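The values are calculated or read from the model by the stated rules, or taken from the named source; none is laboratory data. Keep in mind it's a predicted model, so treat the numbers as computed, not measured. FYI the Cβ positions are ideal-geometry reconstructions off the backbone, even for glycines, and counts take in every protein chain you see. What goes into the accessible areas is simple: the full protein's heavy atoms, side chains included, and nothing from ligands, DNA or RNA. Shrake-Rupley method; radii C 1.70, N 1.55, O 1.52, S 1.80 Å.
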Amino acid sequence: MNIETNGIKIRFDEKTLAFTFQKEEGGVWKWDKDYAPYLECEEGKILFADAGEIRHQEYRTGTGLGILSTYCGFPREGGQAAYEFQTLVWVETVTQDVFCEWIPVKEEGLKVKKVFWPGPMEFDEKRQDWYTLITQRQGMLIPNTWEVALKPLVFDGFFGTAGAYMPWFAQVRGREGYLAICTTPWNAGYQAQHPAGGPYTHIAMRFEPSLGKMDYRRVARYTFLEDCDHNDICKVYRDYADQEGRLRTLEEKAVRNPSIDRLIGCAILHRGIKTFVHPDSDFFDKEKPEKNNNLTTFAQREKEIQVFHDMGVEKLYLHLDGWAEPGYDNCHPDYGPACEAAGGWEGMRSLVDTMHSYGYLFGIHDQYRDFYLTAPSFDENLACRLIDGTIPRHCRWAGGPQSYLCGTQSIHFLRRNFEALKKAGIALDCAYLDVFTCNEGDECDNPMHRMTRRECYEERCRCFEYLLNNGILSSSEEVNDWAVPSLVFCHYAPQEFMMHEAGEPKQALPVPLYNLVYHDCVIQPWMMDQVSEKEDYMLYALLNGGAPYLIRDGAYPNIDGAFEGGQETVLKEQIARASVVAKFHEKVGKCQMVRHEFVNGDPNIQKTVFSNGVGVQVDFEKQQYEILENQK
C-alpha cells in the first residue's frame, strides 16, 4: 500500500507489516529488515502476524491521510483469543508529521506486558556522521562508529525517569534525520542497541500497561528533517514542548517566586546532620558498626557557614540532609522534629538565621515516596498496591524496610510536615523532594486511592506547586520533562558517564540535549570534581551554564556519582573554582542555550552559546576554558 500527501510518502508492506517513509526528495527511512512487530504477553511472544484476521484500509480525514490496520483472532491454547487492536499510521497534512498510533479495541484473552511497535529504523552504515541521540540523563550522542558498547539503559529506558529526561530519541545520517516523540509517555519507554564498534545503532519505542491494561491509544510522532543536527532536533522538540504548555521559563517562574533570582549564581553546599543506618538496611556495615552512624551539630554547620562567609563566598545555598531526629533516609514521611542531639529546633533556627543574615539561602532534604515501616504513620492501606494485591517492599536505604507511599497521599503528609516546620520558626527558602524526578511514576490499585502512573506524576507536581505557593523554591533529585512547569532546580542533571567511576570508557559523546531544550527553565547544579589528571567536571559545569557545587557530601558511598578518590583540592581553591562557575551562571542562568558545537568537528573542544550572546569554549584535552562575548 502506498499513500502520499503534502510531500510525505508512506509505503506499507502487507506481508512484513513494515513501513517506509520519505519526505519530498529526501532519503528513505525504513524499518529494520529483521524487525517484526510483536506483543510480549504472559502467554509468551506473539507476533502481530500471528493474528487470525488482519485487515488494512486507507484512512482519510479532514486533517490527514493514513493506513488503518486491524488485528484480531490471536491463537491461544484451546482456540483463539478475543484480543483485538488497531494500528494507524498517518500523515498530518499541515505539519508533515507522521503519527504512529497503537489502539486497543478489545482486551480479552491475552495479558499484554509490552507492545514493541513502531519498529526501529534501518541504520546500519559504519559512518561517524551517522549518529543516534538519546535523552538518558543530560544527553548522549552515539556515532555508528563508537567503539564502546551501549550498556543497559537506566530504568530500562522508561520515559519520565533518569533513563529519559525527555520522551524522545532521534537519528541523523549526514544532515538528514528524524525526531521520534512519544506523545503519550506515561507508560512507555525505548530500547537501544549499539554493539562495540557499531556498525549500527537500533532504537525503538515500546508501550506498557497501566494498572494491568493497555487501556488507551498510544502515540509516537515522527518529524523528518532534511537538513539538521542535534541542535535543530532539540529546537523542534522545544517548540513541541512549548505548544504542549510545558515550556515554563525561569523568567516566568520568577514573577511568582522572585527569590529564584537569588538562587542564580549561588555556590551549592550539600551537607548533613545525622546519619543512622538501620541494622536491616543493605548499607549496614556489620564488620564496622561504628561507621553506620554519625552526627554533626547545627552549631558546627553554623560555624562552617561563618567560615565560608569570612572567606568571601558571596552567594551560597545550603542543602541540608539528615536534619530530623530519625536521621537521613529514616522514618519518612514522619520526618521531624529537628534532631535533638544536634541542637533541636533552637539549633536549627540559629543556623537558618545566620545564613539569612549573610544573604544566603537555606533548604532541606525531604522525601514523600519511600514509606518506612518504622514510621509511626506507616499503614499498608496507604502504600502502593499492585494489581495482584501485593505491596512491594525492600531494605536498600538507610531506614531499612520500606514500601512506597501512594502518590495520592504525598500532598497530605507534605502539608502536615511543612506546617510543623513553619510553627517551629524554620524559614525555608528551598525544599528538595527526593527521587520524584528520577524514579518512574508509581501505580496503585487500592480502590480507596487508585492511581495511574500519569496521575502519580500529577501528584508529584502538586507537591512542587504547594512549595511554590508557600514561597519555597522547589527541587528534586534530577530533572524531567513532565516536571518542568513546577520545578525550579534539582540536585543534578549529569552526563551519564559521571554516574560511573572515573576512567570508565564513555558509552557515547556527552551532549547537553536537555539544556538545549530547557536550560532557561530549570537551574541545574553540576559536580565540580577533578576526578583525574585528564578529567575535570568543572568544564562541564561551564559548558552547560550551570550552578557549581562547592562541596557535595554523597549520602551513600560510591553511588549517585559520589565516588571516593579523585584529586584533592584545598578549600580556597574550591571556592575560587566555584566562583568562576557561579559568575558565569549569573550571566546565563535565565538564558536559552541556543547552540552547542564540536569546534572544527573535534569532540575534545566544545562550545555553547546562549541567547544573550554569551558563550563558553572548553578544551577537555588541555583542560582549559574561555568565556566568550558577543556571539552570534
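Along the charge dipole of the stretch 387-521, pointing to its positive end and built from +1/-1 on Cβ of Lys, Arg, Asp and Glu, which listed residue (411, 474, 515) has its Cα farthest out?
411
List, in order, the whole-Hz ³J(HN,Hα) value for each residue of the stretch 434-443 obtained from phi through the Karplus relation with A = 6.51, B = -1.76, C = 1.60 and θ = phi - 60°; use x for Gly and Pro.
Rounded to whole hertz, the list is 4, 6, 4, 9, 10, 8, 5, x, 8, 10.
Can you tell me the dipole magnitude for the chain around its Cα centre, using point charges on the Cβ only (Lys, Arg +1; Asp, Glu -1), in Debye to the nearest 20?
840
To the nearest 20 debye, what charge dipole does the stretch 252-384 have about its Cα centre, counting +1 at the Cβ of each Lys and Arg and -1 at the Cβ of each Asp and Glu? The partial results should precede the final answer.
Working: 13 positive and 22 negative charges, 102 e Å.
That gives the stretch 252-384 a dipole magnitude of about 480 debye.
Please give every one of the lysines within straight-line cross-link reach of residue 15, meaning a C-alpha to C-alpha distance under 21 Å, and leave out same-chain neighbours fewer than 8 residues apart.
Candidates past the 8-residue exclusion: 30, 33, 45.
Within straight cross-link reach of residue 23, meaning Cα distance under 16 Å, which lysines are found once same-chain residues fewer than 8 apart are removed?
Hits, sequence-local ones excluded: 9.
Just report the Cα centroid separation between the stretch 90-123 and the stretch 127-159, whole Å.
23
Using r as the Cβ-Cβ distance of residue 381 and residue 215, and R0 as 41 Å, what FRET efficiency do you calculate, to the nearest 0.05? Spell out each step's value before the answer.
Details: r = 25 Å, r/R0 = 0.61.
For R0 = 41 Å, the calculated efficiency reads 0.95.
Rounded, prolate or oblate: which fits the stretch 137-241, taking a ≥ b ≥ c as square roots of the Cα gyration tensor eigenvalues, rounded meaning a/c under 1.5, else prolate when a/b beats b/c? Can you show the working numbers first?
On the way: a/c = 2.05, a/b = 1.28, b/c = 1.60.
Oblate.
What accessible area per residue comes out for the stretch 1-94, rounded to a whole number of Å², with a 1.4 Å probe? Spell out each step's value before the answer.
Details: 4960 Å² over 94 residues.
The answer is 53 Å² per residue.
Out of the DSSP beta bridges found with both residues in the chain, what percent are antiparallel (nearest 5)?
Working: 113 of 139 bridges.
Within the chain, antiparallel bridges account for around 80 percent of the total.
Any idea what the relative contact order of the stretch 171-212 is, in percent, if you count C-alpha pairs under 8 Å spaced at least 6 apart?
Working: 36 pairs, mean separation 13.2, N = 42.
After rounding, I find 31 percent.
Do you know the relative contact order of the chain, to the nearest whole percent, from alpha carbon pairs under 8 angstrom that are 6+ apart?
That works out to 11 percent.
What FRET efficiency comes out for residue 127 versus residue 11 if R0 is 22 angstrom and r is the Cβ-Cβ distance? Round to the nearest 0.05. Before the final figure, lay out the partial values.
Values: r = 25 Å, r/R0 = 1.12.
Approximately 0.35, to the nearest 0.05.
Given 0.36 nm per residue, what is the gain on full extension from residue 34 to residue 286 after removing their alpha carbon distance, in nm?
Values: separation 252, 0.36 × 252 = 90.72 nm, distance 5.12 nm.
Additional length available on full extension: 85.6 nm.
Considering the options 230, 245, 273, tell which one lies farthest towards the positive end of the dipole of the stretch 220-312, charges being +1 on Lys and Arg and -1 on Asp and Glu at the Cβ, about the Cα centre.
273
Where does helix 230-243 land angle-wise versus the long Cα axis of the chain, in degrees 0 to 90, nearest 10?
90
With θ set to phi - 60°, apply the Karplus curve 6.51 cos²θ - 1.76 cosθ + 1.60 along the stretch 5-17 and write out the HN-Hα couplings as whole Hz, x wherever there is a Gly or Pro.
8, 6, x, 10, 10, 10, 10, 10, 8, 5, 7, 8, 6
With charges set only on the Cβ (+1 for Lys and Arg, -1 for Asp and Glu), what does the dipole of the stretch 269-326 come to about its Cα centre, in debye to the nearest 20? Walk me through the numbers on the way to the answer.
Numbers: 8 positive and 11 negative charges, 23 e Å.
Using Cβ point charges on Lys, Arg, Asp and Glu, the stretch 269-326 gives about 100 debye.
Cα-based Rg (one decimal) and Dmax (whole number) for the chain, in Å?
25.5, 80
Report, as a whole number in µm² per second, the diffusion coefficient that Stokes-Einstein gives for the stretch 266-353 at 10 °C and 1.306 mPa s using the Kirkwood radius over alpha carbon pairs.
On the way: Rh = 14.0 Å.
Answer from the Stokes-Einstein relation: 113 µm²/s.
Taking a probe of 1.4 Å, how large is the accessible area per residue of the stretch 120-187, in Å²?
Per residue, the stretch 120-187 has an accessible area of 28 Å².
Which percent of the accessible area of the chain is formed by carbon and sulfur heavy atoms (probe 1.4 angstrom)? It would help to have the intermediate numbers written out before the result.
On the way: 11600 of 24790 Å².
C and S fraction of accessible area: 47 percent.
Would you mind getting me the FRET efficiency between residue 242 and residue 93? Use the beta-carbon distance for r and R0 = 22 Å, nearest 0.05. Show your work: numbers first, answer last.
On the way: r = 22 Å, r/R0 = 0.99.
For R0 = 22 Å, the calculated efficiency reads 0.50.
Please list 3J(HN,Hα) in residue order for the stretch 409-423, calculated via the Karplus relation 6.51 cos²θ - 1.76 cosθ + 1.60 where θ = phi - 60°; whole Hz, with x for glycine and proline.
Computed from phi, the couplings for the stretch 409-423 are 9, 4, 4, 5, 5, 4, 4, 4, 5, 6, 5, 5, 4, 5, 5 Hz.
Please list, in chain and number order, the residues 5+ apart from residue 159 or on another chain whose amide H is under 5 Å from its amide H, with Hs placed from the backbone.
188, 189, 190
Return the long-range amide H neighbours of residue 72 (sequence gap of 5 or more, or a different chain), with a cut-off of under 5 Å between placed amide H atoms.
Those qualifying (amide H under 5 Å, at least 5 residues apart or on another chain) are 52, 53.
How much accessible area per residue does the stretch 379-454 have, counting only protein heavy atoms and a probe of 1.4 Å, in square angstrom?
Working: 3050 Å² over 76 residues.
Per residue, the stretch 379-454 has 40 Å² of solvent-accessible surface.
Using amide H atoms built in the peptide plane, which far-off residues or other-chain residues are under 5 Å from residue 130 H to H?
Hits under the 5 Å cutoff: 144, 174.
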